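Just below is one structure, and these are the notes that go with it.
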Amino acid sequence: MSEKEHTCGCDNALYQELNAFIASVPRTRDSLIPVLHKAQALFGYLPVDLQEYIAKALDVPASEVYGVVTFYTYFTMQPRGRHTINVCLGTACYVRGAKQVVEAFSELLGIKIGETTPDRRFTLTAQRCFGACGLAPAVMINQDVHGRVNPKKVAELLEQYK
């Protein structure tokens, strides 16, 4: 499939960059995950038509690509927001109030875990452990870790990313 035959409405320049990356790796199953990482970094998510494009480019079954995308929680088939809010729900964070932190984010943003705001500014996610138990409850927004977050700090955190 050429970059002009895609149907996701994405920029052809993104396909050109993806093609350049694919050309730099062996066209084998071993390259699938690195190619998916690159594609998600470029496009922001992995819609089915992009998965089919990658399958053809690597000469692997589309079902295998779909299987990998749906198995690993890092990959997403839905557009994500510009900022990903990831609340730790590991034991230390949970007992120190992470559930209430999630509820505060959910209420202020009007979304639940796994959803994205209509303006695609924020996506709310959760994870079992960040390895930052001493900062419990911990929240990661993009790559920034925020410690000892409580529901009263949530609005202030969101303001930093608007």
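The values are calculated or read from the model by the stated rules, or taken from the named source; none is laboratory data. What you see is a predicted model; the values in this text were computed from it and never measured. Cβ sites come from the backbone with ideal geometry, for glycine too, and all protein chains shown count toward neighbours.
So here's what we get for this one:
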read-out	value
Within the stretch 133-156, considering residues that are hydrophobic (A, V, I, L, M, F, W, C), out of contact with any strand residue (DSSP E or B) (no Cβ under 6 Å at 6 or more places or on another chain) and touching a residue at least 24 places away in the same chain (Cβ under 8 Å), the one nearest to Val102 (Cα to Cα)	Val154
Odd one out for Ala20 among (1) modelled with pLDDT of 95 or more; (2) surrounded by 14 or more Cβ atoms within 10 Å (Cβ to Cβ); (3) not hydroxyl-bearing (Ser, Thr, Tyr)	(2)
